[in-house]
1. Under the rule of at least 5 residues apart or a separate chain, name every residue whose amide H is placed under 5 Å from the amide H of residue 203.
2. Over all directions, average the projected area of the Cα convex hull of the range 138-183 and note it in nm².
3. Keeping all protein chains in place and using 1.4 angstrom, which order do 37, 228 fall into by accessible surface area, from largest down?
4. Taking a ≥ b ≥ c as the square roots of the eigenvalues of the Cα gyration tensor of the range 33-113, is the shape rounded (a/c under 1.5), prolate (a/b larger than b/c) or oblate?
5. Which three lengths, in whole Å and largest first, does the chain cover when its Cα atoms are put on their principal axes?
6. Here is the link list: 236/316; 58/290; 179/395. Which ones come out longer than 27 Å on Cα distance?
7. Just add up the charged neighbours of residue 367: K/R +1, D/E -1, any other residue whose Cβ is under 14 Å from the Cβ of residue 367.
8. Would you calculate, for the chain, the mean residue ellipticity at 222 nm contributed by helices, counting each DSSP H stretch of 4 or more residues as -39,500 (n - 2.57) and dividing by all residues, to the nearest 500?
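The values are calculated or read from the model by the stated rules, or taken from the named source; none is laboratory data. Treat the numbers as computed from the prediction; the structure is a model and nothing was measured. Glycine gets a Cβ as well: all are built from the backbone with ideal geometry, and neighbour counts include every protein chain shown. Calculation scope for accessible area: heavy atoms of the full protein, side chains included, ligands and nucleic acids excluded. Shrake-Rupley method; radii C 1.70, N 1.55, O 1.52, S 1.80 Å.
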Amino acid sequence: MYTKAFIPYGGYYSTPFVRWQGSLQNEHAVELAAATTKKWLASREIDPKIFEYLVFGKTIGQLYTFYDAPWAAYLMGNPDIPGMHITQACSTSTTVLNQASAAIETGLYETSFCMLTDRCSNGPFTVWPNPKGPGGEVITESWMMDNFDGGPWRGVPMIQTAENVVNKAGGITKEDVDKVTARRYEQYQDALANDRAFQKRYIIPVEFKISKKKIGIVEADEGVTPTTLESLTALKPVIPGGVHSFGAQTHPADGNCGLIVTTREKARALSTDKNIEVQILAYGFARAEKAHMAMAVVPAARMALEKAGVSIGDVKAIKTHNPFTANDLYMANEMGIDVMTMNNYGCSLVYGHPQGPTAGRAIIEMIEELAILGGGYGLFTGCAAGDTGAALVIKVS
């Protein structure tokens, strides 16, 4: 359990998430995240020099990935600080926040910035030497498509892992999946109400290059598919006999987000509302059996709750990374949660997942939901490649 790690209220931002091959498809993920962070810090009149360390999260290779963290620190306006690059698939943000919290707790440093970014668009194609192959033929890898198809466990695509959990757990039907999916889209509409009032609490516009002389701006999520229960019911399962249609799964996206992690005193000084305190309490991690990725969210959540000394009944807000609707149904059934009250104001199922910043945005939304509710405990949990899961418990007071 952490006792010294805090996030300033308002000490975070997220860009809109843009469906892959959309407006941000040609932007370098590291350069874009650093530029966005620099502008956000300037808008808050925060000097980048206050940070002693950059914890950087990204999963998809970009040009000069070798230099990610120190390069990003330089570009954001603090060329003197070291940094760490963490890549943990869709649990990258959760693990980055845990790393920053552990360092605060042990006194390694007092103020850090967590920068999370990814660009799923135009992913890299890697060529690996293979001198022992027939005629020295090389090994090739499409970062996105080959790994979404199971990576080292070829032929087990991500959606199959969700269907495996459905089959193992039993009792989850396509009707259940469609109802929850429709509910998730309805919850996302709440974040768009009143001219996107909820989203404007934390989402900032992001600029992209249209040409050498023309700059475009993305102000809201791009590429979200309108969803109704009727339209979902009409869609057939992707895998024959399964429960997930194309409408009941997420889409890859591009975007970035950032959060400050610091001490209680410095968090209060940097907060946009001195009456609201945000504390990071505990981290949890887990691994499910092979090809059952959606199951990992439950043991990860239980570990984080246990370490925080909090029961699931104490939790006011729950957010998940749910690339497939069955993730939420399985978790709700296992933990005794009302599946329809999880993921208020949006989730990655609806607005997509750019890998690195996915959990970060969800955690930011959870903080804002708790602030609206007058405080309380929040639980984030999400699955990630390799049948893993990571969770975070926070307290807003």
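1. 14
2. With the hull built on Cα positions only, its mean projection is 4.3 nm².
3. Descending order: 228, 37.
4. Since a/c reaches 1.5 but b/c is at least a/b, the shape of the range 33-113 is classed as oblate.
5. Largest first, the chain extends 59, 55, 41 Å along its Cα principal axes.
6. From the list (236/316; 58/290; 179/395), the Cα-Cα distance tops 27 Å for 236/316; 179/395.
7. Net charge in that neighbourhood comes out at 0.
8. -10500 deg cm²/dmol
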